[in-house]
Amino acid sequence: MNVKEGLKYSKEHEWLRIEDGHAYIGITDFAQSELGEIVYVEVETVDETIEKDEIFGTIEAVKTTSDLFMPITGKIVEFNSKLDENNGDQPDLVNSDPYGDGWIIKIEISDEGQIADLMDKAGYEALIS
């Protein structure tokens, strides 16, 4: 299973990458492999502030649908247009490139202190092993 160095991870299998004062959030390689082929990603919370551990969207695979949980509190400023059915319509990027082009949302961080509560690579590897 691919777990990247330099990211933070939640127990709900979301990852977080800090870049230019914002955070990008997606699901881990482990999560996408457990879900199987991703066919749809829905995020209707753009421009909303979502609290840590609250649901910000859903991800649908061929056989199941799962909620997406915020790893930290923040305002969603962007939904990855490549995943959006009205734009790129490539939800399979979550399968093929979960840490790159398969990112799901970009947020403005509300409470940077919450980042310390997330796991690093070693902690997440211990969780999934």
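Each reported figure results from applying straightforward, stated rules to the coordinates on display, with no laboratory input. Predicted model only: the values in this text are computed from it and were never measured. Because the Cβ atoms are built from the backbone with ideal geometry, glycine has one as well, and the counts that use them run over all protein chains shown.
A few notes on this one:
- When you filter the trypsin sites (Lys or Arg not before Pro) in segment 2-98 for DSSP loop state and at most 11 other Cβ atoms inside 10 Å of their Cβ, you are left with Lys63.
- Charge context of Tyr9, other residues only, Cβ under 12 angstrom, K/R +1, D/E -1: -2
- Measuring against 18 Å, Cα to Cα, the residue pairs Lys8/Lys106; Lys8/Lys121; Lys52/Lys82 contain Lys52/Lys82 as the ones spanning a longer distance.
- Three-way shape call for segment 46-86 based on the alpha-carbon gyration tensor, with the a/c threshold at 1.5: oblate
- Overall form of the chain per C-alpha gyration tensor (a/c, 1.5; a/b vs b/c): oblate
- From phi via Karplus (6.51, -1.76, 1.60), per-residue ³J(HN,Hα) for segment 67-77 in Hz, x at Gly/Pro: 6, 10, 10, 6, x, 9, 6, x, 9, 6, 9
- Given R0 = 30 Å, the distance between the Cβ atoms of Thr49 and Arg17 translates into a calculated FRET efficiency of 0.95.
- Estimated distance in nm for a label pair at Thr65 and Ser110, the labels positioned 7 Å out from Cα along Cα-to-Cβ: 2.5
- Estimated FRET transfer efficiency when R0 is 30 angstrom, pair Val77-Met1 (beta carbons, to 0.05): 0.50
- Comparing Gly88, Gly57, Gly36 in a Gaussian network model of the chain (Cα springs below 10 Å), the most mobile by mean-square fluctuation is Gly88.
- Of the residues Gly88, Val62, Leu7, the one whose Cα sits farthest towards the positive end of the charge dipole of the chain is Leu7 (charges of +1 on Lys and Arg Cβ, -1 on Asp and Glu Cβ, taken about the Cα centre).
- Annotation: amide H of Phe69 within the under-5 Å range of Phe56, sequence separation 5 or more or interchain, hydrogens built in the peptide plane.
- The helix-only estimate of mean residue ellipticity at 222 nm for the chain, built from DSSP H runs of length n ≥ 4 each weighted as -39500 (n - 2.57), is -3500 deg cm²/dmol after division by the residue total.
- Segment 1-53: C-alpha gyration tensor shape, a/c 1.5 cut-off, then a/b vs b/c: oblate
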